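Shown next, in structure tokens, is the structure this report addresses.
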Amino acid sequence: MKRLSWLAIIASALALSACGTTPGKQTQAPRAPQSGQLELALRSGTYTCEQDIRIRVEREIREGANVRIDIVWNGDGYRLERDASYSGLPRFEDAARSLVWIDLPWKSLLLDGKTNTPLVNECRFG
């Protein structure tokens, strides 16, 4: 019985001492650029989307930032300018022709700029 009491006391002391230790140095998540917009390492080339639709995307990178894309979709060419997004994700818009291209880390999609409904979804490089 005394042995069990000593084990309980030692376990309690260890538990209390663990509460008083300071955690080790924590790593911080990478900061977004000063603009608040994320820069994903996405490539130019052909993106294959749902229903085997293909969209050609050419990215214009200036000073490490993707500032514009040119896309070819349904046989027509469009130039979409980078538009700051609340989330910081890459968002490109051709306001005159009501097209929006959004890049997510795992896929991209093309939206109708007036209704924000997807025109083409699940676009992936290659």
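Between Arg97 and Asp76, how many nm apart are label points set 7 Å from Cα along the C-beta direction?
0.6
With labels modelled as points extended 7 Å from the Cα through the Cβ direction, what inter-label distance (nm, one decimal) is found for Glu60 paired with Asn121?
3.1
Report the calculated FRET efficiency for Ser87 and Glu50 (r = Cβ-Cβ distance, R0 = 25 Å), to the nearest 0.05.
Calculated value: 0.65.
Could you sort 98-109, 82-93 so that the peptide with the highest average Cβ count within 10 Å comes first and the rest follow in order?
With the highest mean Cβ count within 10 Å placed first, the list reads 98-109, 82-93.
With only alpha-carbon atoms counted, please give the Rg and Dmax of the range 45-125, in Å.
That works out to 11.7, 36 Å for Rg and Dmax.
Reported to two decimal places, what Rg/Rh ratio describes the range 74-113 when computed on Cα atoms with Rh from the Kirkwood expression?
That ratio is 0.97, to two decimals.
Quick note: the coordinates plus some simple rules give every number you see, no bench work behind them. Since the structure is predicted, the reported quantities are computational estimates derived from the model, not experimental observations. All Cβ positions, glycine included, derive from the backbone under ideal geometry; neighbour counts span all protein chains shown.
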